[in-house]
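First up is the structure itself, then whatever we jot down about it.
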Amino acid sequence: MNSRRTSTWRRWGAGLMAGLLGASTLLLAACGGGSAGAPAVTPGPVAIVPPGFYAGTIGGFGSVMVNGVRWDDSSATIQLDDETVAAGSLKLGMQAQVQGKVASDNVSGKADSVTVETAVRGAVTAVDTTASTFRIRDITIATDSKTVFEGASNLAALAVGNWVEVHGTVDFENRRVQATRVEVKPASEMGRVILFGKATGVTPTSFTMNGLTVNYGSARLIGFDSNAIPEGALVRVRSNAAPVGNVLTATVVKAVKAPRFQDGAPAAVEGRVMSFKSAADFMVAGTPVDASNATYENGAAADLAEGKRVIVFGNMKDGKLLATKVRFFRDIDGEIRLIGFITDYVSQSSFKVRGVAVDASAATFEDGTASDLANGRLVEIKGSTQGNIVKATEVEFEDSLAQGAVLAGGITDFVSRENFKVNGKAAKVSGSARYVGGTEADLKNGAVVWMIGEQQATVFEAKTVIFQASVPALPPTVVAGTVTDAAADGSGFKINGTAVTVAPSTVFTGGTAADLKNGAYVIVTGRVVNGSFAAERIVFADPRREDVCKAFKIEGQVYDFVSASNFKLLGFTVDASAANFEGGTAADLANGKFVQACGDELPTVSSTGALLKAKKIEIKTR
């Protein structure tokens, strides 16, 4: 193994292990150095700087990569257009705002929240391949060689009338988007609209936005003082239906505001320079920047100009990013990185990693060759996007770096050291094995372990056993309903008969803890902790929204599929035997399918994991 790869792995390898362990999956991964019989577990970086703000294009997965930092999003709240979603909803090219802490190596970080806003969504009204632009109504969308396309191979494949979703950096004043992702939506998703502009002629129920009349009498308002839209405000408008004539009925109207951050918070933003006046006064990704005292990479202050693509690093003060470094964008900065298992393998030029199509026909290989490509191999892919495909320039087999495979999860069917199961997979422990955090006597049903060893023909043999103190944290769950049995001090309440606990760290949207009164309608995101539902985020919402699912809603890719009553999703075992299906039938369920599952009951938690009984399964087209 070369030293460059060893140091790279040690920077982020432990984080990958922790994230994959939390999902209780079988994996092959590097474990650092150590003796041949007992690989050492290398701890992750410990020197952490204060929480900060990082905005940029999602350029890879393994967890999520933004501005060259690999963010552990295992405990982050992820929001897409103000809806809490699973990490599987994030896609290449989306613009993400990450709040969290970056390690001192500037390579890895721990995300507290990941927020994505769709720039614009609607019908294509014009395409100009010469100018590399297209239009949705009067909004111009510019593309370049780094734009990720899905549902169309490139700009030339777009047609007037296509319904598209666009992610990118937005110039609100000039009504222009620099697209980093363009996705053509299927017929089933046509009609949903997202537009932006300036609200004029505002009345209590309507306003005009660039010639379009917007009726918002029944819409949800987000981010407006006193819940009122002021004249001339910049707004994002969402609707579940296309305009009728020149009238749009809004479901959500959101104020466009610059994020507010504590002075001194570190930050990094990536995008095109906009509203350029001088090195001390310009915008990137909607954030004001002062780079008058910055150092420059790949250019100089004189190279700053409207439209230049840069990554800016610095600290926030009075709402402005005081830059310490400005890096002009190079091809390598737009490199895509994927870390994960190979699925859907057809050939060297056709397979997937983390759901993303990969063509490695022109790639170089490290720690293996093209003939080693196969489903289940753990790889790191580096390359660039071409339409909706990542053209790999380098493929590295990460499992080849390991001196052993890893099997993680809860022990069941325990008979002896040489006869038990982990996550339903046959396992045994070598007589000369090393134990960490326990002894051989601790091998028993319910113990949660991380075992390093090798996969033999029918059984996994562990050479090192690491005992975990508790069941890995479960993914966030969403419940919605009317508050009952509210505690006077705001410390808890019930929703749909389920007890919910509120902590000082709970985040409130649309209200405060004082508003937790009987009769209030709320949407709660949280986790099952020691048998109770701990609220991480509480949103005060409009009860007019109907949903057949009252207890949970999660989405992701199906794996470990056995039947409709036994498959995995985000670490949960799902029983959909009594579910209603949308977008397909139970017969369509299979490994790799992207689905949304929801139901009326919270998960049943045991030492072997959590069981969800689904009431509805929606099979989605990614």
For residues that are in a strand (DSSP E or B) and either farther than 18 Å from Phe149 by Cβ or touching a helix residue (DSSP H, G or I) at 6+ places or on another chain (Cβ under 7 Å) (or both), tally how many sit in the range 354-374.
3
Please determine whether any residue of the range 253-262 is within 30 Å of Arg192 (Cβ to Cβ), touching a Phe, Trp or Tyr at 6+ places or on another chain (Cβ under 9 Å) and assigned to a loop (DSSP other than H, G, I, E, B).
yes
Return only the number of the condition from (1) touching a strand residue (DSSP E or B) at 6+ places or on another chain (Cβ under 9 Å); (2) at pLDDT 80 or above; (3) closer than 30 Å to Val449 by Cα; (4) open to solvent by less than 70 Å² (accessible area, probe 1.4 Å) that Phe581 does not satisfy.
(3)
Subset of the range 303-331 [part of a loop (DSSP other than H, G, I, E, B) and on the phi < 0 side of the Ramachandran plot]
Leu304, Ala305, Glu306, Lys308, Phe329, Arg330
Residue check for Gly319: exposed (fewer than 15 other Cβ atoms within 10 Å of the Cβ) and of a type outside the set (S, T, N, Q)
yes
Residue match in the range 265-279 (condition: outside any helix (DSSP H, G or I), aliphatic (A, V, I, L, M) and at pLDDT 85 or above):
yes
Return the pairs, sorted by first residue and then second, in which the second residue is assigned to a loop (DSSP other than H, G, I, E, B) and open to solvent by 20 Å² or more (accessible area, probe 1.4 Å), the first residue lies in the range 456-485 and is at positive phi and modelled with pLDDT of 65 or more, the beta carbons are less than 6 Å apart, and the residues are 6+ apart or on different chains.
Gly481/Asn496; Gly481/Lys550
What's the number of the only condition in (1) over 20 Å from the mean Cα position of the chain (by Cα); (2) surrounded by 18 or more Cβ atoms within 10 Å (Cβ to Cβ); (3) at pLDDT 80 or above that Phe533 fails to meet?
(3)
Count of residues meeting criterion [open to solvent by less than 30 Å² (accessible area, probe 1.4 Å) and assigned to a strand (DSSP E or B)] in the range 207-221
4
Between Gly197, Gly232, which is part of a loop (DSSP other than H, G, I, E, B), of a type outside the set (Lys, Arg) and touching a strand residue (DSSP E or B) at 6+ places or on another chain (Cβ under 8 Å)?
Gly232
Mind counting the residues in the range 371-391 that are open to solvent by less than 20 Å² (accessible area, probe 1.4 Å) and either without any contact (Cβ under 8 Å) to a residue 12 or more places away in the chain or among the aliphatic types (A, V, I, L, M) (or both)?
5
Where in the range 101-192 are the strands (runs of 3 or more DSSP E), entirely inside, with at least 3 residues that are open to solvent by 20 Å² or more (accessible area, probe 1.4 Å), in contact (Cβ under 8 Å) with a residue 24 or more places away in the chain and not aliphatic (A, V, I, L, M)?
108-116
Restricting to the range 285-302, and then to whatever is assigned to a strand (DSSP E or B) and more than 11 Å from Gly314 (Cβ to Cβ), can you tell me which residue is modelled with the highest pLDDT?
Tyr296
Among residues belonging to the range 432-455 that are hydroxyl-bearing (Ser, Thr, Tyr) and touching a residue at least 24 places away in the same chain (Cβ under 8 Å), point out the one that is least open to solvent (accessible area, probe 1.4 Å).
Tyr435
Considering only the range 43-86, how many residues are open to solvent by 40 Å² or more (accessible area, probe 1.4 Å) and modelled with pLDDT under 80?
11
Kindly indicate which of Ala228, Ala242 is over 31 Å from the mean Cα position of the chain (by Cα) and not polar (S, T, N, Q).
Ala228
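The values are calculated or read from the model by the stated rules, or taken from the named source; none is laboratory data. On a predicted model such as this, the values are computed, not experimentally measured, just so you know. Quick reminder, even Gly has a Cβ in these numbers, built from the backbone with ideal geometry, and neighbours come from all protein chains shown. Note: accessible area is taken over every heavy atom of the protein model, side chains too, but ligands, DNA and RNA are not part of it. Shrake-Rupley method; radii C 1.70, N 1.55, O 1.52, S 1.80 Å.
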